[in-house]
């Protein structure tokens, strides 16, 4: 980034008295078109596709080749003018079209399909909150009811499997 680029997305800025400002302005709009509400065809692809369509984007893998060399982790977008790249920055997020999952750049790489929240609400009602402490599996008692114990065990297994309680 230089003083001629915006701080967050590295968009080219106009300078006072600059000739051909439309070129800089159009380049900034092209990069915004790739980064705002971004969607990607594939994540961690290292080689450019053979026949990209204008507006299609990919997240470049860790060992890029060809026209993508030196752009590891960037969003690569095909435009009428060729490849454009939006550098990865913490907080940048894209939607992976084939899976519908979200990928978020954490500053060191892309985290795919993770949802981070302190709770999940459905129709305004909290249905999932923070993980609770482990629940002890019953092992004995004055009266042993095998059917009830099996049911409780199954419930505990599923709660652990879904990460709602600790093991």
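Where a number appears in this text, it was derived from the coordinates with a stated rule and is not lab data. This structure is a prediction, so every number in the text was calculated from the model and none was measured. For neighbour counting, all protein chains shown are included, and Cβ atoms are generated from backbone atoms with ideal geometry for every residue, glycine included.
Extending 7 Å from the Cα toward the beta-carbon at both residue 116 and residue 133 defines two label points whose distance is 2.7 nm.
Name the residue, out of 149, 45, 89, whose mean-square fluctuation peaks in a Gaussian network model built on the chain with Cα pairs under 10 Å. Fluctuation is largest for 149.
Rounded to the nearest 500, the helix-only mean residue ellipticity at 222 nm of the chain stands at -6000 deg cm²/dmol, with each DSSP H run of n ≥ 4 adding -39,500 (n - 2.57). Relative to the longest principal axis of the Cα atoms of the chain, the long axis of helix 146-161 makes an angle of roughly 20 degrees. If both residues of a DSSP beta bridge must be in the range 4-120, then about 80% of such bridges are antiparallel. What is the angle, in °, between the Cα long axis of helix 21-35 and the longest principal axis of the Cα atoms in the chain? Nearest 10 is fine, range 0 to 90. Roughly 20 degrees between the two axes.
I need the fraction of alpha carbon pairs in the range 120-161 separated by more than 17 Å, rounded to a whole percent. Result: 49 percent of Cα pairs exceed 17 Å. The Kirkwood radius of the chain, taken over pairs of alpha-carbon atoms, gives through the Stokes-Einstein law at 4 °C and 1.567 mPa s a diffusion coefficient of 65 µm² s⁻¹.
Comparing 118, 99, 69 in a Gaussian network model of the chain (Cα springs below 10 Å), the most mobile by mean-square fluctuation is 118. Kirkwood hydrodynamic radius of the range 75-167, from the reciprocal of the average inverse Cα-Cα distance over all distinct pairs: 17.7 Å.
For a quick check, take a GNM of the chain with Cα springs below 10 Å and name the residue from 50, 103, 134 with the largest mean-square fluctuation. Maximum among the listed residues: 134. Working from Cα pairs under 8 Å separated by at least six residues, relative contact order for the chain is 13 percent.
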